[in-house]
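The values are calculated or read from the model by the stated rules, or taken from the named source; none is laboratory data. Just so you know, these numbers come straight off a predicted model, no measurement behind them. Cβ coordinates were reconstructed from backbone atoms using ideal geometry, including for glycine residues, and neighbour counts include every protein chain displayed.
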Amino acid sequence: MVAARAGERWAQEALFRRHARLVIGLAQRLLPRSADAEDLVQDAFVHAFRHLDTLKNPQAFASWIASIAVRTASKRVRRHRLLTRLGLQRKEPIDLDGLVAAGAPADVASELVGIYSLLDRLPAEQRIALVLRRVEGMELSEIAEHMGLSLATVKRRLAVAEERLRRVLERE
């Protein structure tokens, strides 16, 4: 970690290799359009390497980089939504078949399709919280930590998102 903080490329490369799968998987589930996810991964690691000196516990790098990815995804969702509303960017459909594994049980596949169908209509914070809870399987305290929010705020956002999801799944 000392070498990475000093800007040594080999050390940063080692950190990237060790934690890339975590960030790539998280990015693909938070931003299911491949170009957005790839950009998110790059931006998260660039931010992390620029701010390594702020990381107090080097053993917490995985959690820290995941938090950076979550906050960056939230910003990207809000920005994409704004640009779409202004007509400066068009809305691209999400490839649901690419998100659900072929061998997934029918009930899991149905729930994932419902979640991702709903995601584009949710506010960024509800969207991120719902994916972290339902897809990543994170505990509420983990979600609060990654999103930089209080536990009560995460609970409220999840309650609203869960209610909307319930209504979508009931219609199917």
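Scanning for something over 25 Å from G148 (Cα atoms), at pLDDT 80 or above and exposed (fewer than 12 other Cβ atoms within 10 Å of the Cβ), does the range 83-93 turn up at least one residue? Quick ask: steps written out before the conclusion?
First, pick out the residues of the range 83-93 that are over 25 Å from G148 (Cα atoms): 84-93.
Those still in the list that are at pLDDT 80 or above too: none.
No, every residue in the range 83-93 fails to be over 25 Å from G148 (Cα atoms), at pLDDT 80 or above and exposed (fewer than 12 other Cβ atoms within 10 Å of the Cβ).
Here are D39, D43: which of them is under 25 Å from L112 (Cα atoms) and under 16 Å from the mean Cα position of the chain (by Cα)? Full working, then the answer.
Values: D43 fails: under 25 Å from L112 (Cα atoms).
Just one listed residue meets the conditions, D39.
Hey, which of the helices (runs of 4 or more DSSP H) in the range 1-68, taking only ones fully inside, have at least 1 residues that are buried (at least 19 other Cβ atoms within 10 Å of the Cβ), modelled with pLDDT of 90 or more and not β-branched (V, I, T)? Working first, answer last.
Working: elements: 2-5, 9-30, 34-50.
Where helices (runs of 4 or more DSSP H) fall fully within the range 1-68 and carry at least 1 residues being buried (at least 19 other Cβ atoms within 10 Å of the Cβ), modelled with pLDDT of 90 or more and not β-branched (V, I, T), they are 9-30, 34-50.
Only one of these conditions is not met by T72: (1) assigned to a helix (DSSP H, G or I); (2) surrounded by fewer than 16 Cβ atoms within 10 Å (Cβ to Cβ); (3) not hydrophobic (A, V, I, L, M, F, W, C). Which number is it?
So T72 meets the others, but not (2).
I'd like the full set of residues that are among the aliphatic types (A, V, I, L, M), at pLDDT 90 or above and in a loop (DSSP other than H, G, I, E, B), limited to the range 109-145.
Selection gives M138 alone.
Across the range 2-36, what is the total count of residues that are of a type outside the set (F, W, Y) and either in the same structural domain as L119 (by TED's automatic domain parsing) or more than 16 Å from the chain's Cα centre (by Cα) (or both)? First the steps, then the outcome.
First pass over the range 2-36, keeping only residues of a type outside the set (F, W, Y): 2-9, 11-15, 17-36.
Those still in the list that are either in the same structural domain as L119 (by TED's automatic domain parsing) or more than 16 Å from the chain's Cα centre (by Cα) (or both) too: 2-9, 11-15, 17-18.
Number of matching residues: 15.
Taking the condition surrounded by fewer than 20 Cβ atoms within 10 Å (Cβ to Cβ), outside the structural domain of V23 (by TED's automatic domain parsing) and either more than 18 Å from the chain's Cα centre (by Cα) or free of Cβ contacts under 8 Å to residues at least 12 places away in the same chain (or both), does A152 pass? Walk me through it before giving the result.
Values: surrounded by fewer than 20 Cβ atoms within 10 Å (Cβ to Cβ): yes; outside the structural domain of V23 (by TED's automatic domain parsing): yes; either more than 18 Å from the chain's Cα centre (by Cα) or free of Cβ contacts under 8 Å to residues at least 12 places away in the same chain (or both): yes.
So A152 fits the description; yes.
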